[in-house]
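K.L.:
The structure's right below; bear with me while I get my questions together.
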């Protein structure tokens, strides 16, 4: 606006063709640069998304999401840790402590806030665990009574089963959320949030039957 005040007569400022071309080239370059940056970001994000692929898939076969589990506060939980490849087979091997066995009271290895002696990396928490048993952060793997090992098409499967020993201890006619995963080595008795899973992490909500 201020430059126009110094223009006399009928002359109007005209942008030279080379100037328009330069502006066009600069704009096109900016668009291409932005596109390249977006593509690079998308590629790096895609690589990050696919960089972690656990060799073990954890599956809850009972209860299922939304189920009413058991009656009178008595229910069971059945888990399977399934190796997906040779790495998973190694992680679930006897050399790493995964073996068939019973863990029953009054064994010193049985109880809440403890790892499972036959599936040492298993972490299972229940949101309605009372404070008397360590609260919602207590690892309940130590109350899983039955552990078995099988192979399916050459891949290891570790099956862990738990039946609540005291009906109603975790609630009756109450929703609860079960969280489960595996860690390397021996799982903690109390979950801190700093654990590094070597399997998928399951969050499943169901209702404890009344």
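K.L.:
Starting from the Cα coordinates of segment 98-195, work out the convex hull volume and express it per residue in Å³.
P.N.:
Convex hull of Cα atoms, per residue: 108 Å³.
K.L.:
Neighbour counts of other C-beta atoms within 10 Å: give me 129, 177 arranged from fewest to most.
P.N.:
The order, fewest Cβ neighbours first, is 177, 129.
K.L.:
For the peptides 146-154, 111-119, what is the packing order when you average, over each peptide's residues, the other Cβ atoms within 10 Å and list the highest mean first?
P.N.:
Those peptides, ordered most packed to least, come out 111-119, 146-154.
K.L.:
How many nm separate the modelled label positions at residue 204 and residue 94, each set 7 Å beyond the Cα in the direction of the Cβ?
P.N.:
Result for the modelled spin labels: 2.9 nm.
K.L.:
Okay, next question. Taking the number of other C-beta atoms within 10 Å as the exposure measure, put 58, 102 in order starting with the fewest.
P.N.:
So the ranking, lowest neighbour count to highest, is 102, 58.
Laboratory data are not the source of any read-out in this text; all were calculated from the coordinates shown. Only a predicted model underlies this, so the values are computations on that prediction, with no experimental measurement involved. Ideal geometry is used to build each Cβ from the backbone, glycine not excepted, and the neighbour counts take in all protein chains shown.
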